[in-house]
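The values are calculated or read from the model by the stated rules, or taken from the named source; none is laboratory data. Small disclaimer: the values here were computed from a predicted structure and weren't measured. All Cβ positions, even for glycine, are placed from backbone atoms using ideal geometry, and neighbour counts span all protein chains on display.
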Amino acid sequence: MADTPIDALVVGAGPAGLTAAMYLARFKRRVRVIHDGLSRALWVPKTRNVPGFPEGITGEALIARMDDHARRYGADIRSGHIVSCTRKDGYVRAELADGGTIDARGLILATGVATHLAKLDEGDHDAAVRDGVLRYCPICDGFEHRDERIAVLGSDIHGAAEAMFLRQFSRHVTLIPKWQVALTAAQRRELADRDILVVEGQVERLIATADEMLVHMGGEPDPRPFDILYPAFGSTPRSDLAKALGAVTDTKDCLPFHAFSDGLLPGVYAAGDVVEGLDQISVAMGQGAMAATRLHNWLRETDGHVMADRR
Ligand SMILES: Cc1cc2nc3c(=O)[nH]c(=O)nc-3n(C[C@H](O)[C@H](O)[C@H](O)COP(=O)(O)OP(=O)(O)OC[C@H]3O[C@@H](n4cnc5c(N)ncnc54)[C@H](O)[C@@H]3O)c2cc1C
C-alpha cells in the first residue's frame, strides 16, 4: 500500500533534481527524490564552468554538496529505479523496480540522458575520462584543450559540427570516421577552409594511455596520436516515464523546452538534460529551480492558496 500522497516526487538526483528538491523543501513541501545513481554529473572529472567554482570542482563533490544541501532542508532522498508513472485521481503513482509505489500530487522528471560511449580497444574507459584523454562535452571542457591535438570521432554532420566548434580552441583538429566519412563535398570544403583535417578510412583500434589517445586507422602502419578524443555519438534522453504519461517528445526524443516552466501536464514538470536545449549543469540547476517554483505555485493554486485575481 502506498502512503498518503506526498506533495512532490522528483525523479533524478543530478543537478536538476537536487536543485528542484532543495527549492521544494525550502517551500516546506513534502518532497521525495528517487534516483538510480546514474547522474552524468558524477562522471565529470573536474568542471570549471559552474559559476562560483573558478578552480573547478569534481562532479562527485558537487553532487555530494547538492545532496547535503537539499537534505538539510528536509528533502527525502533515496536510491531506487522508477519503472512507471501513471496518473490517478488528482495524483501521480510511481512504481519502483522493487515493487514499491509512491503517490505524489506533483512530479518533476529530472531524468537526464544516457551518453553513447566510445568503446576502447585498450585502456580503461573511465580512467581515460579521468585522465582527460577522452571527453564528451566540448562546451564543458574545450577551453581546457587550447592548442592541443584534438580528434573528433564520427564523420557525419554531427561530428563535423563538433569539430568546427572545437576549432575555436585549437588549430589542430582532426575529424576521424568510425566507419566511413559521411560528408558532402560542400561540407568537406567548409572544414578544409577552417584547416580541419578529415581522415579517410576506418578506425581499427582506440587505445587510451595516461596522456594520449592512440587511433589506429586501417592500412596505416602507425597509430595517430592525439591529446584528446571527443566521440560525437550523441545521447538518448531518458524520457520514457514522461512519454508513458502522454508527453510528446521531439525527433531526438527530448521533452519540449517549456517542460520546466509551463509543465508537460497539470502538476508534471521536467528539467535538465532530458529537456531539449543545452546539456549543462548550470542550465539543469536553473530549470530545476523553475520547475520546483512552478510546481509549488500550482499546488498553492490547487489548494486555493493564491490571491483570487492571480489564479
Ligand atoms: C564526461 C562528462 C563531463 C561533463 N562536464 C560538464 C562540465 O564540465 N560542465 C557542465 O556544465 N556539464 C558537464 N557535463 C554535462 C552534465 O553532467 C549534465 O548536463 C548534467 O549532469 C545534467 O543534469 P541532470 O540533472 O539533467 O541529469 P543527470 O545529472 O544525468 O541526472 C539524471 C538523474 O536521473 C536519474 N534517473 C533517470 N531515470 C531514472 C529512473 N527511471 N528511476 C530513477 N532514477 C532515474 C539518474 O540516476 C540521475 O540521478 C558533462 C557530462 C559528461 C558525461
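With respect to the conditions (1) more than 19 Å from the chain's Cα centre (by Cα); (2) outside the structural domain of residue 265 (by TED's automatic domain parsing); (3) free of Cβ contacts under 8 Å to residues at least 40 places away in the same chain; (4) within 16 Å of the ligand (Cβ to nearest atom), residue 177 lacks only one, and its number is (4).
Could you please let me know if residue 116 is touching a Leu at 6+ places or on another chain (Cβ under 7 Å), surrounded by fewer than 18 Cβ atoms within 10 Å (Cβ to Cβ) and either at pLDDT 95 or above or not hydrophobic (A, V, I, L, M, F, W, C) (or both)? Give the derivation first.
Values: touching a Leu at 6+ places or on another chain (Cβ under 7 Å): no; surrounded by fewer than 18 Cβ atoms within 10 Å (Cβ to Cβ): yes; either at pLDDT 95 or above or not hydrophobic (A, V, I, L, M, F, W, C) (or both): yes.
So residue 116 does not fit the description; no.
Take residue 165 and tell me if it is aromatic (Phe, Trp, Tyr) and over 16 Å from residue 231 (Cα atoms). Criteria not met by residue 165.
With respect to the conditions (1) near the ligand (Cβ under 9 Å from one of its atoms); (2) of a type in the set (A, V, I, L, M); (3) more than 16 Å from the chain's Cα centre (by Cα), residue 57 falls short on a single one, namely (1). Given the criterion buried (at least 16 other Cβ atoms within 10 Å of the Cβ), outside any loop (DSSP other than H, G, I, E, B) and within 10 Å of the ligand (Cβ to nearest atom), identify the matching residue among 25, 41. Selected residue: 41, the only one of 25, 41 that is buried (at least 16 other Cβ atoms within 10 Å of the Cβ), outside any loop (DSSP other than H, G, I, E, B) and within 10 Å of the ligand (Cβ to nearest atom). Restricted to the range 61-75, and to residues there that are under 15 Å from residue 14 (Cα atoms) and surrounded by 15 or more Cβ atoms within 10 Å (Cβ to Cβ), the residue that is nearest to the ligand (Cβ to nearest atom) is 63.
Looking only at helices (runs of 4 or more DSSP H) that fall completely inside the range 67-172, which ones have 3 or more residues that are over 20 Å from the mean Cα position of the chain (by Cα) and not charged (D, E, K, R)? Walk me through how you get there before you give the answer.
Details: elements: 125-131, 138-141, 157-166.
Fully inside the range 67-172 and qualifying: 157-166.
The residues of the range 6-22 that are more than 10 Å from the ligand (Cβ to nearest atom) and of a type in the set (A, V, I, L, M, F, W, C), listed by number, are 6, 8, 9, 21, 22.
Listed here are the residues, each with its yes/no results for (1) among the basic types (Lys, Arg); (2) closer than 30 Å to residue 155 by Cα; (3) at pLDDT below 95.
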residue	(1), (2), (3)
233	no, yes, yes
250	no, yes, yes
262	no, no, no
270	no, no, no
284	no, yes, no
288	no, no, no
311	yes, no, yes
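Among residues of the range 16-39 that are closer than 19 Å to residue 274 by Cα and assigned by TED's automatic domain parsing to the domain that holds residue 60, those with a beta-carbon under 7 Å from a residue that is in a loop (DSSP other than H, G, I, E, B) and more than 8 Å from the ligand (Cβ to nearest atom) at least six positions away or on a different chain give the pairs 21/75; 33/75.
Is it the case that residue 126 is of a type outside the set (S, T, N, Q), within 20 Å of residue 235 (Cβ to Cβ) and either touching a Leu at 6+ places or on another chain (Cβ under 8 Å) or surrounded by fewer than 16 Cβ atoms within 10 Å (Cβ to Cβ) (or both)?
Details: of a type outside the set (S, T, N, Q): yes; within 20 Å of residue 235 (Cβ to Cβ): yes; either touching a Leu at 6+ places or on another chain (Cβ under 8 Å) or surrounded by fewer than 16 Cβ atoms within 10 Å (Cβ to Cβ) (or both): yes.
Judged against the criteria, residue 126 is a match.
Of everything listed in (1) surrounded by fewer than 17 Cβ atoms within 10 Å (Cβ to Cβ); (2) at pLDDT below 95; (3) in contact with a Pro (Cβ under 8 Å, 6 or more places away or on another chain), the single unmet condition for residue 179 is (3).
In the set (1) of a type in the set (Gly, Ala, Ser); (2) within 12 Å of the ligand (Cβ to nearest atom); (3) in contact with a Phe, Trp or Tyr (Cβ under 6 Å, 6 or more places away or on another chain), residue 288 fails one condition alone, (3). Of the residues making up the range 78-120, those that are at positive phi and touching a residue at least 12 places away in the same chain (Cβ under 8 Å) are 80, 90, 112.
The set of residues from the range 261-271 being out of contact with any Leu (no Cβ under 9 Å at 6 or more places or on another chain) and either touching a residue at least 60 places away in the same chain (Cβ under 8 Å) or not polar (S, T, N, Q) (or both) comprises 262, 266.
Contact map, the range 289-300: first residue free of Cβ contacts under 8 Å to residues at least 40 places away in the same chain, second residue of a type outside the set (Ser, Thr, Tyr), Cβ cut-off under 7 Å, separation 6 or more or different chains; pairs are 290/260; 294/263; 300/306.
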